[in-house]
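> One structure, as structure tokens, below. Some questions next.
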Ligand SMILES: [Fe+2]
């Protein structure tokens, strides 16, 4: 006991030295962030009385996480997502104004430069599944339509892989950008998304397995909705009733983002399902 007490006293002294070494710059925000980070890291080591072999395990895990970030694969974003940290940052920084569409994490599979499509077009280039027409409007918080708002859309193919993960898919499969019409409306066709597993062949997969967690995400579609002068929102729409809706591997689900696809009853539409959904942007932003 005496030995532990003296070790903790030494570590308290050590922590003060480390904080002093890093947190006295002329950047006030840096000083706040680095001091807090150091306090939590050192506090964690002291609290669990971290053993050398555990420290090596952590170093090895983080090393392999970095090594897994090859090409478009972003294992560190996935790690942040799987620990709930991405959603925590999202919650802090995207508290939506009353009535605006809530945000959700970007996830590791976003790729910029999706192709522009016309309203009424399709983002499904390859893949078999149930067809869906997704249509709605982009509105401001007063209910006024926003014309020429951009929707940047991406989701998995029916084989549960994003195009960026799968060389056998067209590069732009299930990705697209479109702009709202003058009345704020938009429409596009795709294949109804299904639940999919996050990649489990890397360190994050091992982490999920160690925690006794499944790797599944409930079916969802990602959107970034933006318009000049408004606060853009990065979000996801989740299929209500999906079996993984309460156990999302990356903790991204919010009640306001649950949507209900309707069986198509309009014989003039050659689709299996229809989803009517409006997005609401806050703003104009103060900045
Ligand atoms: Fe996703």
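The values are calculated or read from the model by the stated rules, or taken from the named source; none is laboratory data. Keep in mind that what you see is a predicted model, and the values were worked out from it rather than measured. Cβ atoms come from the backbone with ideal geometry, glycine included; neighbour counts cover every protein chain shown.
> Check residue 85 against each of (1) buried (at least 16 other Cβ atoms within 10 Å of the Cβ); (2) assigned by TED's automatic domain parsing to the domain that holds residue 259; (3) more than 30 Å from residue 181 (Cβ to Cβ) and name the one condition it does not meet.
For residue 85, the failing item is (1).
> Something else: List the strands (runs of 3 or more DSSP E) inside the range 231-283, counting only whole elements, that have at least 2 residues being more than 19 Å from the chain's Cα centre (by Cα), over 22 Å from residue 141 (Cα atoms) and in the same structural domain as residue 192 (by TED's automatic domain parsing).
Details: elements: 233-239, 273-276, 279-281.
Once the strands (runs of 3 or more DSSP E) in the range 231-283 are filtered for at least 2 residues that are more than 19 Å from the chain's Cα centre (by Cα), over 22 Å from residue 141 (Cα atoms) and in the same structural domain as residue 192 (by TED's automatic domain parsing), what remains is 273-276.
> Here are 266, 272: which of them is surrounded by 11 or more Cβ atoms within 10 Å (Cβ to Cβ) and touching a strand residue (DSSP E or B) at 6+ places or on another chain (Cβ under 9 Å)? Walk me through how you get there before you give the answer.
Numbers: 266 fails: surrounded by 11 or more Cβ atoms within 10 Å (Cβ to Cβ).
It is 272.
> OK, next. Any idea which residue in the range 80-97 is nearest to the ligand (Cβ to nearest atom), counting only those that are in contact (Cβ under 8 Å) with a residue 12 or more places away in the chain and under 17 Å from residue 225 (Cα atoms)?
90
> So, one more: Scan the range 163-172 and tell me whether some residue there is closer than 22 Å to residue 262 by Cβ, crowded, with 18+ Cβ neighbours inside 10 Å and within 16 Å of the ligand (Cβ to nearest atom). Please lay out each step first, then the result.
Here is the first cut: in the range 163-172, the ones closer than 22 Å to residue 262 by Cβ are none.
Looking for residues that are closer than 22 Å to residue 262 by Cβ, crowded, with 18+ Cβ neighbours inside 10 Å and within 16 Å of the ligand (Cβ to nearest atom), one finds none in the range 163-172, hence no.
> Can you confirm whether the range 114-133 contains a residue that is at pLDDT 95 or above, within 16 Å of the ligand (Cβ to nearest atom), in contact with a strand residue (DSSP E or B) (Cβ under 6 Å, 6 or more places away or on another chain) and in a strand (DSSP E or B)?
Checking the range 114-133: not a single residue is at pLDDT 95 or above, within 16 Å of the ligand (Cβ to nearest atom), in contact with a strand residue (DSSP E or B) (Cβ under 6 Å, 6 or more places away or on another chain) and in a strand (DSSP E or B).
> Also, I was wondering about something else. Within 16 Å of the ligand (Cβ to nearest atom), under 22 Å from the mean Cα position of the chain (by Cα), under 17 Å from residue 232 (Cβ atoms) and surrounded by 15 or more Cβ atoms within 10 Å (Cβ to Cβ): is that true of residue 153 in this structure? Even if it seems obvious, please write down each step before you answer.
Values: within 16 Å of the ligand (Cβ to nearest atom): yes; under 22 Å from the mean Cα position of the chain (by Cα): yes; under 17 Å from residue 232 (Cβ atoms): yes; surrounded by 15 or more Cβ atoms within 10 Å (Cβ to Cβ): yes.
Yes.
> Is it the case that the range 177-185 has a residue that's under 20 Å from the mean Cα position of the chain (by Cα), over 16 Å from residue 132 (Cβ atoms) and crowded, with 22+ Cβ neighbours inside 10 Å? Even if it seems obvious, please write down each step before you answer.
Step one: list which residues in the range 177-185 are under 20 Å from the mean Cα position of the chain (by Cα), which gives 177.
This time we only want the ones that are over 16 Å from residue 132 (Cβ atoms), so: 177.
Going one step further and asking which of them are crowded, with 22+ Cβ neighbours inside 10 Å, we end up with none.
No, every residue in the range 177-185 fails to be under 20 Å from the mean Cα position of the chain (by Cα), over 16 Å from residue 132 (Cβ atoms) and crowded, with 22+ Cβ neighbours inside 10 Å.
> In addition: If I filter the range 206-222 down to residues being within 16 Å of the ligand (Cβ to nearest atom) and surrounded by fewer than 22 Cβ atoms within 10 Å (Cβ to Cβ), which single residue comes out as farthest from residue 173 (Cα to Cα)? Talk me through it step by step, then tell me what you get.
Taking the range 206-222 and keeping what is within 16 Å of the ligand (Cβ to nearest atom), we get 208, 214-222.
Next, from what is left, pick out any that are surrounded by fewer than 22 Cβ atoms within 10 Å (Cβ to Cβ): 208, 214-216.
Values: 208: 28, 214: 26, 215: 23, 216: 21 Å.
Filtering the range 206-222 for residues that are within 16 Å of the ligand (Cβ to nearest atom) and surrounded by fewer than 22 Cβ atoms within 10 Å (Cβ to Cβ), the one farthest from residue 173 (Cα to Cα) comes out as 208.
> Yes or no: residue 143 within 16 Å of the ligand (Cβ to nearest atom), out of contact with any helix residue (DSSP H, G or I) (no Cβ under 9 Å at 6 or more places or on another chain) and in a loop (DSSP other than H, G, I, E, B)?
Considered against the rule, which asks whether it is within 16 Å of the ligand (Cβ to nearest atom), out of contact with any helix residue (DSSP H, G or I) (no Cβ under 9 Å at 6 or more places or on another chain) and in a loop (DSSP other than H, G, I, E, B), residue 143 comes out as no.
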